[in-house]
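The values are calculated or read from the model by the stated rules, or taken from the named source; none is laboratory data. This is a predicted model, so every value here is computed, not measured. Cβ sites come from the backbone with ideal geometry, for glycine too, and all protein chains shown count toward neighbours.
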Amino acid sequence: MIDMTRYLLERPHTLVPLTFFSEKFSSAKSSISEDLTIIRNTFARQGTGILETVPGAAGGVRYIPTVTEDDAKSVLNEMSQRISESDRLLPGGYVYLSDLLGEPNVLRQVGKLIAAQYAKKPVDVVMTIATKGIPIAQSVAYYLNKPFVIVRRDSKITEGSTVSVNYVSGSSNRIEKMELSKRTLKPGAQVLVVDDFMKGGGTINGMVSMVKEFDADLAGIAVFGESNFEGSRNIPEYTSLIQVENVDTENKHIHAIPGNYFAQTKFIALTPNQSGVQE
């Protein structure tokens, strides 16, 4: 049972036939089904996620990572407190996040929180822009079991032919350029755009334009943090985990709160002690 749990946790959103476990452990399907029911109920009680059953000859079980509302509140409140530390304030009113987004445990939590929003929604690719968004995109992609692609501000010879778009930086109001390899996206792909921090929303809008250039579809937008912005961002609906509500450079004060994650997330009820796993 321990080995089955490990196998499922390491392969989120992957359909595993019952025959695989039956042959691996030389056990009858009925015994495997009973073990999977115990695992399913444990996942539900602990808020680990859903062990979904797919019936039929080609069916099996699939682990879908989710989070409970209480766990999400605990994580985001703790992150808000850490971001509110005064020594994070940099010249120009910028907030230092590199250490926080360099911690494996924080990245794991961020990735799972964002991925949980799309537990029951179609996503084919996670997109981000170099460089600080990369570890977040990688974590989200892991929990969704989907590839992630990196948009760059300058072309690399190793990328081959690229598609480029111009966009207006929301914070500096300058024209910028971003590029993505032509081999990266397929027409009709459902693309989840993620980034580390949003101010004016120009970078996000640039990636949305990139999605359209490939005739792909926008599955959603998620950012780790956002700051208050006086102008109009003009971006599609998005999710933020943290909102930097106030930055006082004179008194070196930062105040961060959970973002709009709870307003944007429909939490899935995890209910143990239901019927067992079907064969």
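Can Glu237 be described as surrounded by fewer than 21 Cβ atoms within 10 Å (Cβ to Cβ), more than 24 Å from Leu113 (Cβ to Cβ), in the same structural domain as Ala130 (by TED's automatic domain parsing) and not aromatic (Phe, Trp, Tyr)?
Here the answer is no, as Glu237 does not meet what is asked.
I need the full set of residues from the stretch 92-111 which are crowded, with 16+ Cβ neighbours inside 10 Å and either touching a Ser or Thr at 6+ places or on another chain (Cβ under 8 Å) or touching a residue at least 60 places away in the same chain (Cβ under 8 Å) (or both), in order please.
Val95, Leu97, Leu101, Leu107, Val110, Gly111
If you scan the stretch 194-238, which residues turn out to be in a loop (DSSP other than H, G, I, E, B), of a type in the set (Gly, Ala, Ser) and farther than 16 Å from Asn260 by Cα?
Gly200, Ala216, Gly231, Ser232
Does at least one position in the stretch 256-264 carry a residue that is under 18 Å from the mean Cα position of the chain (by Cα), part of a loop (DSSP other than H, G, I, E, B) and outside the structural domain of Gln46 (by TED's automatic domain parsing)?
Within the stretch 256-264, one or more residues are under 18 Å from the mean Cα position of the chain (by Cα), part of a loop (DSSP other than H, G, I, E, B) and outside the structural domain of Gln46 (by TED's automatic domain parsing).
Tell me, yes or no, whether the stretch 25-36 has at least one residue that is in contact with a Lys or Arg (Cβ under 6 Å, 6 or more places away or on another chain), surrounded by 13 or more Cβ atoms within 10 Å (Cβ to Cβ), more than 26 Å from Lys146 (Cα to Cα) and small (Gly, Ala, Ser).
no
Within the stretch 239-249, can you find the residues that are outside any loop (DSSP other than H, G, I, E, B) and touching a helix residue (DSSP H, G or I) at 6+ places or on another chain (Cβ under 8 Å)?
Thr239, Ser240, Leu241, Ile242, Val244, Val247 - these are the residues of the stretch 239-249 that are outside any loop (DSSP other than H, G, I, E, B) and touching a helix residue (DSSP H, G or I) at 6+ places or on another chain (Cβ under 8 Å).
For residues that are surrounded by fewer than 19 Cβ atoms within 10 Å (Cβ to Cβ), more than 26 Å from the chain's Cα centre (by Cα) and hydrophobic (A, V, I, L, M, F, W, C), tally how many sit in the stretch 1-24.
Summing the residues that are surrounded by fewer than 19 Cβ atoms within 10 Å (Cβ to Cβ), more than 26 Å from the chain's Cα centre (by Cα) and hydrophobic (A, V, I, L, M, F, W, C) in the stretch 1-24 gives 3.
Out of all the residues in the stretch 233-252, is one or more at positive phi and in contact (Cβ under 8 Å) with a residue 60 or more places away in the chain?
Taking every residue of the stretch 233-252 in turn, at least one turns out to be at positive phi and in contact (Cβ under 8 Å) with a residue 60 or more places away in the chain.
Kindly evaluate Ser139 against the criterion of being touching an Asp or Glu at 6+ places or on another chain (Cβ under 9 Å) and within 27 Å of Gly102 (Cβ to Cβ).
No.
List the helices (runs of 4 or more DSSP H) inside the stretch 1-107, counting only whole elements, that have at least 3 residues being modelled with pLDDT under 95.
By residue number, 18-24, 29-46.
Among Ser86, Ser27, Ser31, Ser74, which is the only one that is within 23 Å of the chain's Cα centre (by Cα) and either within 25 Å of Ala141 (Cα to Cα) or not aliphatic (A, V, I, L, M) (or both)?
Ser74
Out of curiosity, is Phe229 farther than 30 Å from Lys186 by Cβ and in contact with a Lys or Arg (Cβ under 8 Å, 6 or more places away or on another chain)?
yes
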